[in-house]
Amino acid sequence: MTYSPHAPAVPPERVLGVVRHAVVTEEPVSADPWPSATVHTAASPDQAFHEIWTSTRTVNSGRYRNLIYGHDGETLFCAAEIPDAERFRDAVRQTYDALVELVQGLGYRLFRVWNHIANINADNADGLERYRDFCKGRAEALEHATRDWIADLPAASGVGALGGGVVMYCLASRTRTPVHFENPRQIPAYHYPRQYGPRSPTFARASLLPCDTGTADGLLYVSGTASVVGHETVCVGDLKGQCRTTVENLDHLLKHVGEQTNTSIGLADFRFAKLYVRHAADVPFVAEEFRRTFGSDTALQVLGVDICRSDLLVEVEGVVTMA
Ligand code: 3EB
């Protein structure tokens, strides 16, 4: 994967998928010339960038219901858009049902999902927060996905967008079996109490994709991580404190995964990270804070979007090399 200001410079058949973090969403998903999803996360053109997933093999791309996808026999990239609406639950359930059908039909297993929901903290037509409405539909689909569905939940992010409805994109693997992890400092999101909505968020804190040669060369996909301890938001209204708690959560998660896999991984092993920042004025502080946290070997992108809980100011996710 690379972050680039430019569109892919490789032949179209080498592109698994492209996520365009852009100013407007004219055509949110497209299969031509390569699978792409456009998310309205940039407030101005200088904030726009491409997230490019390429392959060394030949990619087959196509459409299935409202999904577009590309896969090379090893990895599948898939994306869907749900137009803005007064309620999301049914369309989200249908989209995730279709996703499960596609992924399983092609012989893959989901390991990483990104969800962007415009006006994520606003209420829908029934007075239910749009994020909670989304969580209902997602849970209703995923609870039928596999027999051991909770153990199979992928890493995920659930954040805002500056316009549109819902844009979802994800990765799945055919040749590797993902291993999912929780963070001992946090209650599993799928066990969050009812106060956070009628259906809990359904994701794991991280998913490991081992390599041919074993865990050591694998990649750890770290979910959106925020200032949540147990199930509660901590440091409400305190940006510095939320950054500190987020770093502590990431550190704790990596230590836990390291223990479970007999590897030693730390914050400097993040190869990629995205920082989601609710208030534009907080961007310089957060960017500097996490540049210091990760060091110079991490490709960083900052997105000025809302976070799924209205009291969260920052959320951080990324990819860690296990080697
Ligand atoms: C949290 O810890 C913060 O709904 O997919 C983080 C990552 C969060 C993913 C999701 C939500 C999601 O609960 C919120």
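Each value in this text was obtained by applying a stated rule to the coordinates, not by laboratory testing. Bear in mind the structure is a predicted one, so any value in this text is a computation, not a measurement. No Cβ is skipped: glycine too gets one built from the backbone with ideal geometry, and neighbour counts run over all protein chains shown.
Some notes on this structure:
- Under 19 Å from Lys240, Cα to Cα: lysines that are on another chain or at least 8 residues apart: Lys274
- Structure-based [θ]222 nm, the chain - -39500 (n - 2.57) summed over DSSP H runs of at least 4, per residue, nearest 500: -6500 deg cm²/dmol
- Within the chain, antiparallel bridges make up roughly 75 percent of the DSSP beta bridges whose residues both belong there.
- Sorted from greatest to least, the principal axis extents spanned by the alpha carbons of the range 1-88 come out as 39, 32, 17 Å.
- Sorted fewest first by neighbouring Cβ atoms within 10 angstrom, Trp149, Trp53, Trp34 come out as Trp149, Trp53, Trp34.
- Three-way shape call for the range 190-249 based on the alpha-carbon gyration tensor, with the a/c threshold at 1.5: oblate
- Stretchable slack from Phe285 to Val24, in nm (0.36 nm times residue separation minus alpha-carbon distance): 91.3 nm
- Least to most buried among Glu288, Glu182, Glu317 (fewest other Cβ within 10 Å first): Glu288, Glu182, Glu317
- Cα gyration tensor shape for the range 120-172, rounded if a/c is under 1.5, else prolate or oblate: oblate
- Taking only Cα atoms of the chain, radius of gyration then Dmax in Å: 18.0, 51
- Applying D = kT/(6 pi eta Rh) to the range 33-165, where Rh is the Kirkwood radius over alpha-carbon pairs, T corresponds to 20 °C and eta to 1.002 mPa s, the Stokes-Einstein value obtained is 135 µm²/s.
- From the Kirkwood radius over Cα pairs of the range 171-323, Stokes-Einstein at 37 °C and 0.692 mPa s returns a whole-number translational diffusion coefficient of 207 µm²/s.
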